[in-house]
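Step one of this worksheet: look at the structure below.
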Amino acid sequence: MPPGSALPDSGIRYRVLAFLCLLSMITYLDRVAMGAAASEIARALFGPGTGVETLKWAFTAFTFAYATFEVPSGWLGDVFGPKRTLIRIVLWWSAFTALTGLIAWEMTHGLYLFGTGTVALGWLIAIRFLFGVGEAGAYPNITRALHNWMPFTERGWAQGAVWFSGRLMGGLTPLVWVVVVEWLLGSALGLAHDLRWRIAFWIFGAVGIIWCVAFAALFRDRPEQHPAVSSRELELIQLGRRGEESAHAGVPWWQLLADRNLWALCLMYFCAAFGWYFHITYLPGFLERHYGVAKDSALGGLFKGGPLIFGAIGCIVGGWLTDRWIRRTGDRKWGRRRYGLLGHLLCAACFPLCILAPWAWLFALCISLAAFWNDITMGPSWAICQDIGKRYAAIVAGCMNTIGNLGGAAANLITGTVVEWAKRYYAGKLPELQAERIGYDLNFVLFALVYLTAAGLWLLIDATRPVAGQHDLADNRGESHLPQNN
């Protein structure tokens, strides 16, 4: 606490953090729902027995659009403030979440909304692309809001809390899907099977709209605009912020794009997202087809969501560890770097174990541990966006998330393509499921190699070197004025 402050810390920043954590949960609820529904959507489009790899272009469309519109949405947050930008984002993606439930819907006998087969798939690709446009910028603008509201000594754990909330909700979404679709809409209400998953998308879309109403009423872009913030809390938030004002004009784009530190961060995040997207796209269908996990099983729902639940824990642990190291040593460079390097090395070690797992629970454990170690890096990664971005924090976060999600888009396409290649190559030589499993195992090897690359890139990332020639107040070891807490 700043010495000499008369009023108590009002703690309004923690209420803001709670709002942003709730938003993070909604983003994952809506995007993970696609993976949970993938088997049903593939069935609605092409009939029973269709593998989820047929939806690879729909998976890719979301991640490509999400990546493409990250920087423009981050720029909007820096210029116009996170409040208006986030409300626009959430309303947009909520509408396309609801529209996903209308794909290949039989309105009357033989008449389908958005058609069937490849026609319906084309519409689904378009809807998922536009859904990605909407979700783009959510996390850069959450980062912008946290930059405005959180002292730098709380940035790592705050980012970790945001990612913990999202990952946890993503991990619980398959279980929520079982409860809503199979138990409530199915067993309790007796609705037709094809109608249940559609209603779930409509419900999830409505949740986002409710959040927007509350957010519009209660949030302010900056702490000095909030009537309940005490002078003591405002002083704490603003400590050491000289030179970090908002970027309303004159963004030095060429300097940003030529910054090697930023490129190392972005390429690391490309690798971090590459293997991760498997968890929210192919994993549920993989477990059903290759380990016999039942669609209406609560335990199966936890297996499907395990990587995100473990990842949620990793997010909060990683954020806490990076801030703890910096508070104790003042070394921001290695306080961010060490946990990124460790996390991605151990993540790479877990994927080969997935190939050897004979049982569903053991496979779920191995891939969940991979997600845990990957997500140890989330708090440090997003805190670095604030550390080196400063007045351009949302733009830097948008750049990182853009490249990261291009990695996810590449992974969604490559994963499905490798599986399809294996099925074609071994056609007539091996049973279809066995050939399909070979394709997935090849992907697990590829994921491990990509995460080893990510670990190497961490050695090039320096959290004490701001982008675009901004002047840093820190010395080579971080914040020299930090108290040494042992």
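Any read-out appearing in this document is the output of simple, stated calculations on the displayed coordinates, not a laboratory observation. Since the structure is predicted, the reported quantities are computational estimates derived from the model, not experimental observations. Note that each Cβ is placed from the backbone with ideal geometry, even for glycine, and that neighbours are counted across all protein chains shown.
Values as computed for the structure displayed
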item: Total lysine pairs under 26 Å (Cα atoms) in the chain, excluding pairs fewer than 8 apart on one chain; result: 9
item: Residue-by-residue Karplus 3J(HN,Hα) for segment 60-69, coefficients 6.51, -1.76, 1.60, Hz, glycine and proline x; result: 5, 4, 4, 5, 5, 5, 4, 5, 4, 9
item: Neighbour-count ranking [beta-carbon atoms within 10 angstrom, fewest first] of 451, 425; result: 425, 451
item: Span from the segment 412-463 Cα centroid across to the segment 307-354 one, whole angstrom; result: 24 Å
item: Total charge dipole magnitude, segment 138-246, about the Cα centre, Cβ charges on Lys, Arg, Asp, Glu only, Debye to nearest 20; result: 80 debye
item: Span from the segment 36-67 Cα centroid across to the segment 161-175 one, whole angstrom; result: 21 Å
item: Furthest towards positive pole of dipole, 172, 239, 316, structure part the chain, Cβ charges; result: 239
item: Calculated FRET efficiency for the pair residue 225/residue 263, C-beta based, R₀ 22 Å, to 0.05; result: 0.05
item: Under-5 Å amide H pairs with residue 105, H placed in peptide plane, nonlocal only; result: 113
item: Semi-axes of the equivalent ellipsoid for segment 349-462, Cα gyration tensor, largest first, Å; result: 34, 17, 11
item: log10 of Debye I(q)/I(0), alpha-carbon scatterers only, for segment 84-222 at 0.15, 0.16, 0.18 Å⁻¹; result: -0.90, -0.98, -1.14
item: Cβ-based net charge around residue 73, under 14 Å, with every Lys or Arg adding one and every Asp or Glu removing one; result: +1
item: Neighbourhood charge, 14 Å Cβ-Cβ cut-off, centred on residue 36 and excluding it, Lys, Arg +1 and Asp, Glu -1; result: +1
item: Volume per residue that the Cα convex hull of the chain spans, once the total is divided by residue count, Å³; result: 144 Å³
item: Cα pair distances in segment 1-93, grouped into 5 Å bins until the bin that holds the longest one, percent each; result: 3, 10, 13, 16, 14, 11, 10, 8, 6, 3, 2, 2, 1, 1, 0
item: Helix axis angle, 298-329 relative to the chain longest principal axis, alpha carbon, degrees; result: 20 degrees
item: Computed over segment 54-209: relative contact order in percent, which uses C-alpha pairs under 8 Å that are six or more apart; result: 35 percent
item: Helix 432-458 vs. the chain, principal-axis angle (Cα, 0 to 90°, nearest 10); result: 10 degrees
item: Cα long-axis angle, helix 82-100 against the chain (0 to 90 degrees, to the nearest 10); result: 0 degrees
item: Extension reserve of the residue 299-residue 217 stretch, reckoned as 0.36 nm per residue once the Cα distance is removed; result: 25.6 nm
